[in-house]
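What follows is one structure encoded as structure tokens, with my remarks underneath.
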Amino acid sequence: MLNVGLIGCGHISETYFRSRDYFNNVNITTCADISIEAAKRCAEEYNIKSKQVDALLNDTEIDIILNLTNPTSHYETIKNTLLAGKHSYCEKPLSINYDQGKELIELANSKNLYIGNAPDTFLGGGGQLTKKIIESGEVGDIKLGNFNFAFPGVQSWHPNPEPWFLEGGGPILDMGPYYYTMLVNLLGPAKNIRAYSTTVSKYRNIGDGPKKGKEFKVEVPTSYYIIIEFHNEAVIQGFLSFDVINHQLNFMDFFGTKGSIIGPDPNMFGGPIRVSLSEGGEWKEYSTENMILGKTNIFNESGRSNEAPTNANYRGIGLSEMIYCIENNQEHRCNGKLVLHVLDMLDTTIKSAEENKNLSLRTTCEQTKLFLDDEIEKIIKK
């Protein structure tokens, strides 16, 4: 079994440690953090070893580094991982700009190492069921659609919200990976992007924790309107925002030549999918509760919004599938071509808004294949 070393013992690490309960090949043996105390607490809680970051990177017993550092540290940590001769799996995004991401993919390829990246939510029941319906032809060819993520920002509840509003933050790099990866999963690679951005409030106040009431400066746009043209000729519009108090927008809608789909929340693994095949007709609901990666598995509050009771959360499936593919010399789904294309979409969105013009993507990738039950059953714990 391959050994995984984890770097970055923050809140998200809790989710990845839980993945050991779901998947039979996620063997996290050692953790590290720039805070030695944080690493020691993590090691004690999960009964593993702790080391300093450099020591973990040089540990010959570690095969894969699971990188859970802050987005601005992703590039350096992945690069050091690859230079140490280890495979890399990282939280989203791959990096905070395209040029850095391209360098990392080229380095991984030159060393014949696997590089994988979150999000892996598109592998869940919601994304896979939507993909199956689209590929069945039930709603015809998808030509139009929209996607939406909008909330007031994390400053009301997070004790340290500043990174969400600095370079490396904002709605595109924070939530864009979920939506863009799902779109590529369902529609294939993107071709062109036109985006518009705004910053509604130049300053925000921390609403909870020891710094409650402190004002901080917002240094990135906090709302984007986006139009994406795909190689399959679909045109999809999107809205990603940290400025909205409340709304009733669907997460994703797809409009085909024979019908329409209300799609899943790309930040989740399950949830209902709705299909209508006639003007003014009823919406037929499809449940993911009978799917391996769609059934509810969160029953207790953990403090994370995507881990509330009644949710399906199988984060770590991308890492598990990559481990299986390393061991069996196969290409994994959260692969370098996909994650670089998604990073290209993120980077192009930001640049399009900055330059006030339509921009073409620099990359392409293969559309991901359906994740079949017999493949999932090879890595799921019985």
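Filtering the stretch 134-156 to residues that are more than 22 Å from the chain's Cα centre (by Cα), touching a residue at least 12 places away in the same chain (Cβ under 8 Å) and outside any strand (DSSP E or B) leaves Glu135, Gly137, Glu138, Val139, Gly140, Asp141, Ser156. Checked against (1) touching a Lys or Arg at 6+ places or on another chain (Cβ under 8 Å); (2) closer than 20 Å to Asp347 by Cα; (3) in a helix (DSSP H, G or I); (4) not aromatic (Phe, Trp, Tyr), Pro119 passes all but condition (3). Checked against the criterion of being out of contact with any helix residue (DSSP H, G or I) (no Cβ under 7 Å at 6 or more places or on another chain), polar (S, T, N, Q) and touching a residue at least 24 places away in the same chain (Cβ under 8 Å), the stretch 125-133 has at least one qualifying residue. Within the stretch 1-56, being of a type in the set (D, E, K, R) and part of a loop (DSSP other than H, G, I, E, B) holds for Asp33, Lys51.
All of Ile78, Ile105, Ile65 fail the test of being among the β-branched types (Val, Ile, Thr), out of contact with any strand residue (DSSP E or B) (no Cβ under 6 Å at 6 or more places or on another chain) and either assigned to a helix (DSSP H, G or I) or within 18 Å of Ala118 (Cβ to Cβ) (or both), apart from Ile105. When Lys369, Lys351, Lys381 are screened for being surrounded by fewer than 19 Cβ atoms within 10 Å (Cβ to Cβ) and over 20 Å from Gln128 (Cβ atoms), only Lys351 passes.
Here the condition is being touching a Lys or Arg at 6+ places or on another chain (Cβ under 6 Å) and more than 29 Å from Asn329 (Cβ to Cβ); of Ser73, Ser50, it holds for Ser50 alone.
A quick yes/no check of all residues on (1) in the same structural domain as Ala353 (by TED's automatic domain parsing); (2) touching a Gly at 6+ places or on another chain (Cβ under 7 Å); (3) farther than 12 Å from Asn148 by Cα:
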position: Tyr196; (1), (2), (3): yes, no, yes
position: Lys211; (1), (2), (3): yes, no, yes
position: His247; (1), (2), (3): yes, no, no
position: Gly271; (1), (2), (3): yes, yes, yes
position: Arg274; (1), (2), (3): yes, no, yes
position: Ser278; (1), (2), (3): yes, no, yes
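Against the test of being among the β-branched types (Val, Ile, Thr), within 25 Å of Glu167 (Cβ to Cβ) and buried (at least 17 other Cβ atoms within 10 Å of the Cβ), the options Ile28, Ile65 yield a single qualifying residue, Ile65. For Thr181, are the conditions met, namely being surrounded by fewer than 21 Cβ atoms within 10 Å (Cβ to Cβ) and either under 16 Å from the mean Cα position of the chain (by Cα) or among the hydroxyl-bearing types (Ser, Thr, Tyr) (or both)? Criteria not met by Thr181. Within the stretch 307-340, if we keep just the residues that are surrounded by fewer than 24 Cβ atoms within 10 Å (Cβ to Cβ) and of a type in the set (Ser, Thr, Tyr), the residue that is modelled with the lowest pLDDT turns out to be Thr310. Might you let me know whether the stretch 94-101 holds any residue that is modelled with pLDDT under 95 and assigned to a helix (DSSP H, G or I)? Scanning the stretch 94-101 turns up no residue that is modelled with pLDDT under 95 and assigned to a helix (DSSP H, G or I).
Among the residues of the stretch 219-253, those identified as free of Cβ contacts under 8 Å to residues at least 60 places away in the same chain and more than 18 Å from Thr349 (Cβ to Cβ) are Asn246, Gln248.
Within the stretch 14-35, is there a residue that is more than 22 Å from the chain's Cα centre (by Cα) and more than 22 Å from Gly116 (Cβ to Cβ)? For the stretch 14-35, residues more than 22 Å from the chain's Cα centre (by Cα) and more than 22 Å from Gly116 (Cβ to Cβ): present.
Taking the stretch 264-277 as the range and being at pLDDT below 95 and either under 16 Å from Gly137 (Cα atoms) or exposed (fewer than 13 other Cβ atoms within 10 Å of the Cβ) (or both) as the test, no residue passes.
Just one of (1) in contact with a Ser or Thr (Cβ under 7 Å, 6 or more places away or on another chain); (2) surrounded by fewer than 20 Cβ atoms within 10 Å (Cβ to Cβ); (3) closer than 30 Å to Gly176 by Cα fails for Ala39. It is (2). Checking Ile115, Ile96 one by one, the residue that is farther than 23 Å from Ile323 by Cα and under 18 Å from the mean Cα position of the chain (by Cα) is Ile96 and no other.
The values are calculated or read from the model by the stated rules, or taken from the named source; none is laboratory data. Bear in mind the structure is a predicted one, so any value in this text is a computation, not a measurement. Cβ atoms come from the backbone with ideal geometry, glycine included; neighbour counts cover every protein chain shown.
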